[in-house]
1. Roughly how many nanometres apart are two label points built 7 Å out from the Cα toward the Cβ at Ala192 and Leu399?
2. Given +1 on the Cβ of Lys and Arg, -1 on the Cβ of Asp and Glu, and no further charges, what dipole in debye does the range 43-118 carry about its Cα centre, rounded to the nearest 20?
3. Taking a cut-off of 25 Å between Cα atoms, list the lysines near Lys250, but don't count ones fewer than 8 places away on the same chain.
4. Note down the magnitude of the dipole of the chain about its Cα centre, charges +1 on Lys and Arg C-beta and -1 on Asp and Glu C-beta and zero elsewhere, to the nearest 20 debye.
5. What FRET efficiency do you get for Ile124 and Met64 if R0 is 25 Å and r is their Cβ-Cβ distance, rounded to the nearest 0.05?
6. With an 8 Å cut-off on Cα pairs and a minimum separation of 6 or more residues, tell me the relative contact order of the chain in percent.
7. Measuring with a 1.4 Å probe in the full set of protein chains, what accessible area per residue, in whole Å², belongs to the range 309-348?
8. Pairs of alpha-carbon atoms within less than 8 angstrom and 6+ residues apart define the contacts here; what relative contact order does the range 227-273 have, in percent?
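The values are calculated or read from the model by the stated rules, or taken from the named source; none is laboratory data. A quick note: this is a predicted structure, and the numbers were derived from the prediction, not measured. Here the Cβ positions follow ideal geometry from the backbone for every residue, glycine too, while neighbour counts run over all protein chains shown. Accessible surface is based on the protein model in full, side chains and every heavy atom, while ligands, DNA and RNA are left aside. Shrake-Rupley method; radii C 1.70, N 1.55, O 1.52, S 1.80 Å.
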Amino acid sequence: MKNAVTGIFLLILFAAHAQQRNVLYDEEKVPVYALPPLLVGEHGEKITTAGEWEEIRRPELLQMFALQMFGETPEGDVEARYETVKTNTRALGGKATSKQIKAIFSRGSVERHMRILIYLPNQIDGKAPLFVGYNFNGNQTVNDDPDIIPSSEAERGSSRSRWPVETILSAGYGLATIWYYDLFPDEKDKHAESILPLFGYQSAGDITDSYWQAMGAWAWGLSRAMDYFETDCDIDASKVVLMGHSRNGKATLWAGAQDTRFAMVISNDSGCGGAALSKRTFGETIESITSAFPHWFCKYFRRYAGNEQNLPFDQHQFLALIAPRPLYIASAAEDLWADPKGEYLSGYHAGEVYRLYGMKGLETTDMPDINRPVMNRVGYHVRSGKHDVTDFDWKNYILFADKWLK
Ligand code: GTR
């Protein structure tokens, strides 16, 4: 028994090592690739105006990403109620009003909850613009605030470095955050515990090619949070900014692509399956992401594992779905797994659509220097350091929001 366990352990180590060795981190070895066109419709029609983009091309691409990558978001007749569980008008030493909202989703006997933590700046009169983003470990991890109702066992304040709440509030923005596990616990076989049963999911056999999984569920949750924001008279629902890091960055982009009520979208180190071009195969690839996280994308996407040359779409088309709304892409210089250059280039190519609206995207194929943000309608920075969310990132998100929303 012991030998078998050791054997399996060695095998796993070996496999992990082999996978590491195969990772492409050499720019010279990036294969020659051709990006699928943004501005040619499926029937060969040239897209030359914003109107044609919206009527013809955008719906085609949205459908393609649903069928082949993220899965289709079902229409189900799920009921949603929003209960205010706790309010504190003197939160964070009087700087903020905090609200904790419980969204209750139900259909028949199935019920699921999503807990939204909201901080609104007390210093402004009227409705506050708002950043909204998923947290990785539970609402109580974003701040030491003893008022926060924990959504998990994780330590209070343990992710505070990623959530500079005070800075956001002093800049005149609110912040809303949700633990992404509330929609879909981030593990392989948690479909039954996720929101999917609200839409009739019963067993693994239901997961056909274009069936949605975790990414789709996470995107759905953000739209339901938006439904709530529209009813809260302290929030300016026309100025809600989506911000997501890494896997949550991918889900965030998908939410922003489908739901145009979000006024601005920020991708923080979203990498493979997010902002980064897949055809470069630099860092994380479709093969590695779909084998490590089979529950994220739809099954169909797996066909392109090790087969990127046949991928009929790429992530510049995904990013273009955010147009003409302001889009900010952030990379970290040491985060090669997420392919900073691939993230930059897809933002650059998405600019073709922004130009149809007379807006400036990223202007050259050369990346800006480290820590030198660009803030056109498509914004970008590569900061020094690792895969993370830092004060530098937030400082620039606030500047970008000030520039385009205020
Ligand atoms: C990694 C995964 C990335 C990214 C990251 C994260 O393991 O390969 O795609 O999503 O996790 O979410 O931090």
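1. Between Ala192 and Leu399, the simple spin-label model gives 5.1 nm.
2. Working: 12 positive and 11 negative charges, 185 e Å.
With only Lys, Arg, Asp and Glu charged at Cβ, the dipole is about 880 debye.
3. Those lysines meeting the cut-off are Lys102, Lys188, Lys190, Lys239, Lys279, Lys299, Lys341, Lys360, Lys386, Lys395, Lys403.
4. Numbers: 42 positive and 52 negative charges, 89 e Å.
I would put it at about 420 debye.
5. Working: r = 41 Å, r/R0 = 1.65.
The calculated FRET efficiency here is 0.05.
6. Details: 851 pairs, mean separation 62.7, N = 406.
Reported relative contact order: 15 percent.
7. Details: 870 Å² over 40 residues.
For the range 309-348, the per-residue accessible area is 22 Å².
8. Numbers: 69 pairs, mean separation 18.3, N = 47.
Taking the mean separation of contacting Cα pairs over the length of the range 227-273, I get 39 percent.
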